[in-house]
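First comes the structure, then the notes that go with it.
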Amino acid sequence: MFSKAPLVIYISNFLTAEERSHLQEVTKGTFARSAVADESGEEGHRQTRTSQSTTVPRDSIVRCIESRALAFQGFDVPRTHLEPLQLVQYGSGEKYHLHTDWFESPERMTSEVGGNRLSSFFVYVAAGNLTGGGTNFPILNAPYDERWCDFVDCDEPWDNGVTFKPVPGNAVFWQNLNEDGTGDPSTIHAGLPVTSGTKLGMNIWTRQGPLSEKFRGVDEET
């Protein structure tokens, strides 16, 4: 556990090497410019997010990854509460400015989409000759234990918060909402610009309730 409030947990080896290769193979050639939604729910391309992203096809391996994410959160979380898994790719100079994964706009929290985002995983899938591209939480307190320096940029100034290094296979998990269901502003974070190379990550978002088939698709057992 990295932080109690907000709850932030660092997970080593969340994905196997075979799973990481599979994710790259099944999404090859499907990436498009990442969109950002405004308060009305209207999506568009903005300079705050300059990555490429794609939805991962739900085959047996991806369902296994989904099950792992659900089990991590407790066995009472149904699969229907998961958004389709999203891969996001960052090249040189690309980034995602400070943002939260939870929403304030009612248009983004309807029952059709399962309400608000309860939790997030950001999983590092690949880091090809990468420099830069860490995941920064500016409000988190930096750790005192030097063992964290394998996973956190310990050279960052203290007032910059915490920047997790993109270590392939590892993941950062956090709770987006407070006990009363309101969004926790201390979960604000950013995908820092890639200086060189490429970063491939995966978003796993869990909603408060079930998503409709329109947004999640049909869950077929394989």
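Observations on the structure shown:
- Among (1) more than 27 Å from THR16 (Cβ to Cβ); (2) crowded, with 20+ Cβ neighbours inside 10 Å; (3) among the polar types (S, T, N, Q), the one test that THR163 misses: (1)
- Answer from GLY91, GLY29 - the residue that is of a type outside the set (Val, Ile, Thr) and either at pLDDT below 95 or farther than 30 Å from ALA142 by Cα (or both): GLY29
- Conditions (1) in contact (Cβ under 8 Å) with a residue 12 or more places away in the chain; (2) among the hydrophobic types (A, V, I, L, M, F, W, C); (3) in a loop (DSSP other than H, G, I, E, B); (4) over 20 Å from TYR10 (Cβ atoms): number failed by PHE215: (3)
- When residues of segment 32-50 are limited to those that are modelled with pLDDT under 70 and in a loop (DSSP other than H, G, I, E, B), the one surrounded by the most Cβ atoms within 10 Å (Cβ to Cβ): GLY41
- Residues that are in contact with a helix residue (DSSP H, G or I) (Cβ under 9 Å, 6 or more places away or on another chain) and acidic (Asp, Glu) were ranked within segment 80-126; the one that is surrounded by the fewest Cβ atoms within 10 Å (Cβ to Cβ) is GLU112.
- A count restricted to segment 152-166 and to residues that are at pLDDT 95 or above and either among the hydroxyl-bearing types (Ser, Thr, Tyr) or in contact with a Ser or Thr (Cβ under 8 Å, 6 or more places away or on another chain) (or both) stands at 5.
The values are calculated or read from the model by the stated rules, or taken from the named source; none is laboratory data. Quick caveat, the model's predicted, so the values are computed rather than measured. Note: ideal-geometry Cβ built from the backbone for every residue, glycine included; neighbour counts use all protein chains shown.
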